[in-house]
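J.: After the structure tokens below, expect a handful of questions from me.
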Amino acid sequence: MNRRKWIVLCLAGCLLLALSACGNPGADAENSGGTEEPTQTEEPAQAEEPTQQETLVEYAVEGLGTFTLPEGFTQEAGEIAEPLPTTYATFEKDGYYIQANRFGTDAYEMAGVPLPTDLEDYSTRSGVQDSVPEGTVFDYDDYGNFAAQFIQEDGQLCYYVLLQGEESFGSIYLTAPKDQFDADTVAQWLSGSVLE
């Protein structure tokens, strides 16, 4: 299984746990294998205001949201129908790997749990907590992201941002090697992200 599919399935499983943190006796962890229906890769549209360091563009993903990143990222998007409906996108460029996910009210209804009240509540759900090292703390960064930073077992650095849409919750999981990771830069990139 390639890295991209493994991360998609892993995050979908973790986020399933986040949805069911309040308890869902009907959830079956063994049925976590999802079916993917990839969608066409969409072309990025130019953002209105570039950053001082590099020009950022908007990557719009239908059913997921809009993300601001430097030009040149490759993008794939799709949906996972099982165990819960999830829209996702992946972006890759020069060692940076970004996975974005969105769960809407339909996923929460299927899980039999209410939407979290806010990002702080969402961060306490077991799926979110199970996807970060023990003791990881989410907090607002200088750009308004509700995020946590940590080192993965493979040595890559991760910046994990939680997002809230009108009736949805999701996340952005950015990883990069230590020698090119700059927390301030990636926080600025991700701060323009909007979940549908």
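The values are calculated or read from the model by the stated rules, or taken from the named source; none is laboratory data. Here the structure is a predicted model, which means the values were calculated and not measured. Note that we place each Cβ from the backbone using ideal geometry, even for glycine, and neighbour counts take in every protein chain shown. Quick note on the areas: whole protein, heavy atoms, side chains included, nothing else; ligands and nucleic acids left out. Shrake-Rupley method; radii C 1.70, N 1.55, O 1.52, S 1.80 Å.
J.: Could you list, in sequence order, all residues of the stretch 176-196 that are surrounded by fewer than 19 Cβ atoms within 10 Å (Cβ to Cβ), over 14 Å from the mean Cα position of the chain (by Cα) and not charged (D, E, K, R)?
T.: Listed by number, the residues that qualify are 177, 180, 183, 185.
J.: Kindly establish whether residue 94 is farther than 16 Å from residue 193 by Cβ, of a type in the set (Asp, Glu) and modelled with pLDDT of 90 or more.
T.: Yes; evaluated as a whole, the condition is true for this residue.
Matching residues to (1) among the small types (Gly, Ala, Ser); (2) buried (at least 16 other Cβ atoms within 10 Å of the Cβ); (3) touching a strand residue (DSSP E or B) at 6+ places or on another chain (Cβ under 7 Å):
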site: 97; (1), (2), (3): no, yes, yes
site: 124; (1), (2), (3): no, no, no
site: 131; (1), (2), (3): yes, yes, no
site: 135; (1), (2), (3): yes, no, no
site: 140; (1), (2), (3): no, no, yes
site: 146; (1), (2), (3): no, yes, yes
site: 150; (1), (2), (3): no, no, yes
site: 153; (1), (2), (3): no, no, no
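J.: Has the stretch 118-128 got at least one residue that is modelled with pLDDT under 95 and touching an Asp or Glu at 6+ places or on another chain (Cβ under 8 Å)?
T.: No, the stretch 118-128 contains no residue that is modelled with pLDDT under 95 and touching an Asp or Glu at 6+ places or on another chain (Cβ under 8 Å).
J.: Can you find, within the stretch 107-122, the residue that is nearest to residue 159 (Cα to Cα) among those that are part of a helix (DSSP H, G or I) and open to solvent by 60 Å² or more (accessible area, probe 1.4 Å)?
T.: 120
J.: Sticking with this one: Which residue is surrounded by the fewest Cβ atoms within 10 Å (Cβ to Cβ), if the candidates are limited to the stretch 49-95 and must be β-branched (Val, Ile, Thr) and closer than 20 Å to residue 169 by Cα?
T.: 66
J.: Follow-up question, since we're still on this one. From the list 122, 173, 159, 140, which residue is in contact (Cβ under 8 Å) with a residue 24 or more places away in the chain and either farther than 18 Å from residue 67 by Cα or over 13 Å from the mean Cα position of the chain (by Cα) (or both)?
T.: 122
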